[in-house]
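Comments concern the structure below.
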Amino acid sequence: MGEAAERPGAAARRYHNGTKHSAAKLQTDQHYLDWEIKPHPFKIYPTIEPIALPRDGAPLTVPGFTAISASGAVAGGSTVAVPSLAVLARILQLSAGITRTKVLPDGEEYYFRAAACTGALYHIDLYVICADLPGLAAGVYHFGPHNAALHPLRRGDYRGVLVEATASEPAIAHAPVTIACASTYWRNAWKYQARTYRHCFWDTGTILANLLAVSAAERLPTRLGYGFVDDTVGTLLDLDPQREAPLALVALGWQPSTPRPQPPPAPVHFETAPLSSREVDYPAIQAVQAASSLATPADVAAWRTHTLAPSPAPAASSAEVALHAVDAAALPTESIDRLILRRGSTRQFAPRPIAFEQLSTLLQVATPAGASDVGGSTSELYLIVNAVEGLAPGTYVYQPDGKVLQRLRAGTFRREAGFLGLGQELPADAAVDIYLLCDLDLVYGRLGNRGYRVAQLDAALIGGRIYLAAYGLRLGATGLTFFDDDVTEFFSPHAAGKSVMFLAAVGHGQRAPIHG
Ligand SMILES: Cc1cc2nc3c(=O)[nH]c(=O)nc-3n(C[C@H](O)[C@H](O)[C@H](O)COP(=O)(O)O)c2cc1C
């Protein structure tokens, strides 16, 4: 059913409500992991000759914190910024490349990647659409983490197709390179079933947090694009519309000239290796993807006029604690590439408290005013503080404008944090749990079903930055899943009516990550 025939956001609301976790639902869940059909975590094109990527970029000198804070906020507009192949290679590698290998007890090698991913199932691939660059001819390429290579899907300058698909979004038009993120659902749905559509954005968010920070360190402007004609981008990238979906575009770099809009290209249909002997379809994923798709450039242009206004600043409250960030001069100077290379989700937190300055820095760095084609952020940060020196344990909501934490409830909530995080120990042991909530009704009212994608990815990008900032501070972090309605209820009445999009836990790691 078309969006016009229903309440705005009806399809997204159906999907979101239908994929909520609750204790009762988990108890009756019949799903089991069928190891016989565990999908291969890589997209392999047997007939395409790969182009090996160089690994010889000059050392990055920009401190990691500077890069994370500037991520997504480096504006293009007057300075020519065209990445070379070596720079592009580093951006891809530090966003979605393999960074560590673990040999399992049965001898199987397991490959971990630069960004955290639900279940380490790695269903998000990156694609490059570019003009002629120093070292790389114009074309459309798939980035293969397994061989650290580009796979040419189309040769020639196809950026005009993106200009058409985004209704002439200026950042895309001026970008020498656009990077597209796409999911092959089955690689994640094998374990997470229909909930994978949420993970499409969660796992894109952690990748893009890296990508935007590394690009900032390379002094390249970036702009995140949510609005595009899905079918056109899917055809350009040779995606299978039943099994795969383009999720987001990132315009990278700037040059004065712009390509002419081009109509969608003819399909190419490259062979890809089967992921497993059989795949299971989850129609709820296809339904929400279709309902949140934009069909024509006119639809994209109309959609983009409904940008998000910044949320009104809440009234000042007496229970406010002003942030007190680590002095800029005292921040670690480790570069973003080194930080990403030692990143890994914390598997056990020590009960030791973190400093209030560390929490303050993390909150500030994780919520920069990033640039996207829909304007402001949709996320609100709610905290359970378990152990932060100088901050009473309890629940808080962060107000980024005033850089203050508003206290909601005093008390020790470790047990509750454990329950809300699906009964896991990680959120109970962490120093702080940060829940990203969103007023979805407000988002649907402005952006319809596609607003759901914005809300999920906006939260996940902040989550990805929380990961990076925590590691930069020599702390540990992990993403976590949660019981949806219980989280809202826990933070109510303040959070009444809001939905949880992402959860990140931060603290001191008890020991090195299992694969570290
Ligand atoms: C959005 C998100 C949710 C996650 N949820 C959980 C979780 O509920 N429990 C858990 O132990 N790990 C969770 N993880 C951590 C992943 O298992 C981890 O990222 C993956 O195994 C890859 O390992 P790495 O992050 O150390 O590279 C989550 C990660 C992300 C990005």
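Any read-out appearing in this document is the output of simple, stated calculations on the displayed coordinates, not a laboratory observation. Remember, predicted model here, so these are calculated numbers, not experimental data. Here the Cβ positions follow ideal geometry from the backbone for every residue, glycine too, while neighbour counts run over all protein chains shown.
Hey, what angle do you get for helix 85-96 against the long axis of the chain, alpha-carbon based, 0 to 90 degrees rounded to 10?
40
Could you grab the Rg to Rh ratio for the range 279-402? Cα atoms only, Kirkwood for Rh. Don't jump to the answer; show the numbers that get you there.
Numbers: Rg = 20.2 Å, Rh = 19.0 Å.
Using only Cα positions, Rg/Rh for the range 279-402 is 1.06.
For the range 22-109, what is the convex hull volume of its Cα atoms per residue in Å³?
286
Per-residue ellipticity at 222 nm for the chain, helices alone: DSSP H runs ≥ 4 residues times -39500 (n - 2.57), over residue total, nearest 500 deg cm²/dmol?
Numbers: 18 runs with 166 residues, N = 516.
Only helices count here, giving -9000 deg cm²/dmol.
Give the order of Trp202, Trp186, Trp35 when sorted by the count of other beta carbons within 10 angstrom, beginning with the fewest. Please list the in-between numbers first.
Working: Trp202 28, Trp186 23, Trp35 7.
Going from sparsest to densest Cβ surroundings: Trp35, Trp186, Trp202.
Measuring from centroid to centroid over Cα atoms, what is the spacing of the range 371-407 and the range 442-507 in Å?
Rounded to whole Å, the Cα centres lie 11 Å apart.
Relative to 2.2 N^0.38 Å, what does the C-alpha radius of gyration of the chain come to as a ratio? Two decimals please. Don't skip to the end; give the middle numbers.
Values: Rg = 21.6 Å, N = 516, 2.2 N^0.38 = 23.6 Å.
Normalised Cα radius of gyration, the chain: 0.92.
Work out the charge dipole of the chain with +1 on the Cβ of Lys and Arg and -1 on the Cβ of Asp and Glu about the Cα centre, then indicate which of Val487, Thr305, Ile285 is farthest towards its positive end.
The Cα lying farthest towards the positive end belongs to Val487.
With r defined as the distance between the Cβ atoms of Arg14 and Arg415 and R0 fixed at 45 Å, what FRET efficiency is calculated, to the nearest 0.05? Present the calculation step by step, with values, prior to reporting the outcome.
Numbers: r = 33 Å, r/R0 = 0.73.
It comes to 0.85.
For the chain, build the charge dipole from Cβ charges (+1 Lys, Arg; -1 Asp, Glu) around the Cα centre, then report which of Leu405, Asn188, Phe112 sits farthest towards its positive end.
Of the options given, the answer is Leu405.
Dipole of the chain (Lys/Arg Cβ +1, Asp/Glu Cβ -1, origin at the Cα centre): which of Ala355, Val233, Leu381 lies farthest to the positive side?
Of the options given, the answer is Ala355.
For Cα pairs less than 8 Å apart in space and 6+ apart in sequence, what is the mean separation divided by the residue count of the range 198-262, i.e. the relative contact order in percent? Show your work: numbers first, answer last.
Working: 43 pairs, mean separation 23.2, N = 65.
This gives 36 percent for the range 198-262.
Using the Karplus curve 6.51 cos²θ - 1.76 cosθ + 1.60 with θ = phi - 60°, what ³J(HN,Hα) values do you get for each residue of the range 19-25, in whole Hz, with x for Gly and Pro?
10, 6, 8, 9, 4, 5, 5
Mind checking the alpha-carbon convex hull of the range 157-264 and giving the volume per residue in Å³?
Working: hull volume 10.0 nm³, N = 108.
Expressed per residue, the convex hull around the Cα atoms of the range 157-264 is 93 Å³.
How large is the charge dipole for the range 403-516, taken about the Cα centre, if only the Cβ atoms of Lys, Arg (+1) and Asp, Glu (-1) carry charge, to the nearest 20 debye?
Working: 12 positive and 11 negative charges, 98 e Å.
Here the range 403-516 has a charge dipole of around 480 debye.
Once the piece of chain linking Arg338 and Arg352 is laid out straight, how much longer is it, given 0.36 nm per residue of separation minus the C-alpha distance between them?
Values: separation 14, 0.36 × 14 = 5.04 nm, distance 2.53 nm.
Full extension of this stretch gives 2.5 nm more.
Compute the convex hull volume of the Cα atoms of the range 362-516, divide it by the residue count, and report the result per residue in Å³ as a whole number. Mind dumping the intermediate values first?
Numbers: hull volume 18.9 nm³, N = 155.
Output value, Cα hull per residue: 122 Å³.
What are the ³J(HN,Hα) couplings of the range 233-239, residue after residue, when phi is run through the Karplus curve with 6.51, -1.76, 1.60 and θ = phi - 60°? Round to Hz, x for glycine and proline.
So the Karplus estimates, Gly and Pro as x, are 5, x, 5, 4, 8, 6, 8 Hz.
Once both axes come from the Cα atoms, what is the angle between helix 450-472 and the longest principal axis of the chain, in degrees from 0 to 90, rounded to 10?
70
Among 220-229, 493-502, 372-381, what's the highest-first ranking by average C-beta atoms within 10 angstrom per residue?
On the way: 220-229: 25.1, 493-502: 19.7, 372-381: 22.0.
Ranked from most to least packed, the peptides come out as 220-229, 372-381, 493-502.
Could you tell me the number of lysine pairs in the chain with C-alpha atoms less than 19 Å from each other, where the two lysines are 8 or more residues apart or belong to different chains?
Details: Lys20/Lys191; Lys20/Lys498; Lys25/Lys191; Lys38/Lys102; Lys38/Lys191; Lys43/Lys191.
Counting lysine pairs in the chain gives 6.
Please compute the Cα-Cα pair-distance distribution of the range 114-200 with 5 Å bins starting at 0, giving whole percents from short to long.
Each 5 Å bin holds this share of Cα pairs: 3, 13, 20, 18, 16, 15, 11, 4, 0.
Along the three principal axes, how long is the range 48-163 when you take its alpha carbons, biggest first, rounded to the nearest angstrom?
53, 39, 27
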